[in-house]
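Q: I am attaching a structure below and will ask some questions about it afterwards.
Please treat every number below as a calculation from the coordinates, not as lab data. Every value quoted in this text rests on a predicted model; they were computed, and no experiment measured them. FYI the Cβ positions are ideal-geometry reconstructions off the backbone, even for glycines, and counts take in every protein chain you see.
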Amino acid sequence: MDIEIIEMAERKAKFILKNSSPAMANALRRTLLSDIPKMAIDKVEFHLGSIMEGDKEYESNTPLFDEIIAHRLGMVPVPTDLDLFIPQSECVCGGEGCPSCTIMYSLNKTGPCTVLSGDLMPLGNQELKVKDEFIPIVELTDGQAVMIYAHAIMGTARKHVKWQVANGVGYKYMPVIAVDADAASREDVVDCASLCPKKVFEVENGSLVVKNPLDCSLCMTCVESLGERGGVTVDGDDTNFVFRFETDGSLTAQQALDKAVEILAADAKDFMAQIEAL
């Protein structure tokens with residue numbers, strides 16, 4: 001199995017999985033969706049009662065139930081350093097919460113205002129500040145306030161979607177497109193350039209040529225338009241796959257892909273060890 005990177009941005013990636021199988025392609029897809037660990041807010045503590053700011057007294061309440069605010073905070077992407085943090089279940093603190101397994105955030109805002117994700121302030125390392133600063137959490141009116149302490153811990157999407165790093169994960173068989181040289185200049189074949197919804201073809205010197213094969217969605221519009229006359233063939237190669245995915249920003253696309261491959265390799269070794277032990 002080989003991987004050829006086509007596009008690698010901070011939060012999205014496109015690559016070709018080569019010399020593989022549908023089973024392995026789906027295993028990579030499921031790993032990207034469910035098994036990559038990340039930090040997410042799991043516990044939120046709300047201050048109850050009045051809050052003083054200067055000479056003004058604010059009431060610690062909002063238009064939303066505390067549970068809704070906690071859920072929204074849980075879905076905020078938290079920057080994750082996989083070398084710095086470990087799951088609480090593996091930590092020497094026994095799950096009590098310490099700098100090795102927990103990130104503490106504070107949020108203290110008074111109305112009128114819109115409380116945003118950027119108002120979450122990490123206690124300690126400022127590099128752990130939330131990158132997406134404009135996610136709305138709750139609207140406060142005059143006299144309202146929130147004082148919150150939030151605890152972020154590591155988990156995976158198998159337990160809850162707030163720990164899901166990758167989204168929009170999908171793949172397709174590598175398109176294999178061929179234009180019959182003897183029919184390339186035929187009028188109905190040339191018309192395929194305008195019929196193709198993905199603009200895979202272009203017309204050069206009066207003949208149809210394949211220009212963007214990776215964009216092909218295997219919709220077969222071109223093949224169906226030609227019918228029995230033929231001239232264009234489209235197939236899917238089930239040993240090579242075109243992958244795309246995005247991340248929520250807690251990890252970069254490169255980090256997510258590297259971790260997914262690492263997890264798959266570890267699972268394969270563990271599976272082999274179990275087979276050998278039988």
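Q: Loop only by DSSP, 12 or fewer other Cβ within 10 Å of the Cβ. Give me the GluC sites (Glu not before Pro) in region 87-182 that pass, ordered by residue number.
A: Loop-located and lightly packed - E96, E133.
Q: Using a/c under 1.5 as the rounded threshold, could you call region 1-46 rounded, prolate or oblate? The axes a ≥ b ≥ c are square roots of the C-alpha gyration tensor eigenvalues, and prolate needs a/b larger than b/c, oblate otherwise.
A: Taking the square roots of the gyration eigenvalues as a ≥ b ≥ c, region 1-46 is oblate.
Q: Can I ask one more? Return the single residue from D248, D132, D188 with maximal mean-square fluctuation; model: Gaussian network over the chain, springs between Cα atoms under 10 Å.
A: For the chain, modelled as a Gaussian network with Cα springs under 10 Å, the answer is D188.
Q: Taking every Cα atom in region 46-148, find the radius of gyration and the maximum pairwise distance Dmax, and write them in Å.
A: Rg and Dmax of region 46-148, Cα atoms, are 15.3, 47 Å.
Q: Rg over Rh of region 62-110, using C-alpha atoms and the Kirkwood radius, what does it come to?
A: For region 62-110, the value is 1.06.
Q: Around L82, what is the net charge, scoring Lys/Arg as +1 and Asp/Glu as -1 over all other residues with Cβ under 11 Å from its Cβ?
A: Net of charged neighbours comes to -2.
Q: Right, something else. Is the shape of region 126-278 rounded, prolate or oblate, going by the alpha carbon gyration tensor and its root eigenvalues a ≥ b ≥ c, with a/c under 1.5 for rounded and a/b larger than b/c for prolate?
A: It comes out oblate by the Cα gyration axes.
Q: Lysines within cross-link reach of K269: Cα-Cα under 21 Å, excluding same-chain residues under 8 positions apart?
A: Cα-Cα hits under 21 Å: K18, K259.
Q: Now a separate question. Would you mind getting me the FRET efficiency between M272 and S100? Use the beta-carbon distance for r and R0 = 25 Å, nearest 0.05.
A: For R0 = 25 Å, the calculated efficiency reads 0.20.
Q: Ok, one more. Just round it to a whole percent: the fraction of Cα-Cα distances in the chain exceeding 24 Å.
A: 63
Q: Also, I was wondering about something else. Could you check which residue among M104, M52, M147 shows the biggest mean-square fluctuation in a GNM of the chain with a 10 Å Cα cutoff?
A: In this elastic network of the chain, the residue with the biggest mean-square fluctuation among M104, M52, M147 is M52.
Q: Counting other Cβ atoms within 10 Å, which chymotrypsin sites (Phe, Trp or Tyr not before Pro) in region 21-126 have at most 10 and lie in a DSSP loop?
A: Answer in residue order: F65.
Q: Can you compute the charge dipole magnitude of the chain about its Cα centre, using +1 on each Lys and Arg Cβ and -1 on each Asp and Glu Cβ, nothing else charged? Give it in debye, rounded to the nearest 20.
A: Approximately 200 debye in magnitude.
Q: Right, something else. Go through N205, M220, A266 and say which Cα lies farthest out towards the positive end of the charge dipole of region 193-278; charges sit on Cβ, +1 for Lys and Arg, -1 for Asp and Glu.
A: With unit charges placed on the Cβ atoms, the residue in question is N205.
Q: Now a separate question. Quick check on region 238-278: take the gyration tensor over C-alpha atoms, sort the square-rooted eigenvalues as a ≥ b ≥ c, and tell me if it's rounded (a/c under 1.5), prolate or oblate.
A: Oblate.
Q: Using the Karplus equation 6.51 cos²θ - 1.76 cosθ + 1.60 (θ = phi - 60°), what ³J(HN,Hα) coupling, rounded to whole Hz, does each residue of region 9-20 give in order, writing x for Gly and Pro?
A: Each residue of region 9-20 in turn: 9, 5, 10, 8, 9, 9, 8, 10, 8, 9, 6, 10 Hz.
Q: Using a simple spin-label model with points 7 Å from Cα along the Cα→Cβ vector, what separation in nm is obtained for Q254 and E139?
A: The two pseudo-label positions are separated by 4.2 nm.
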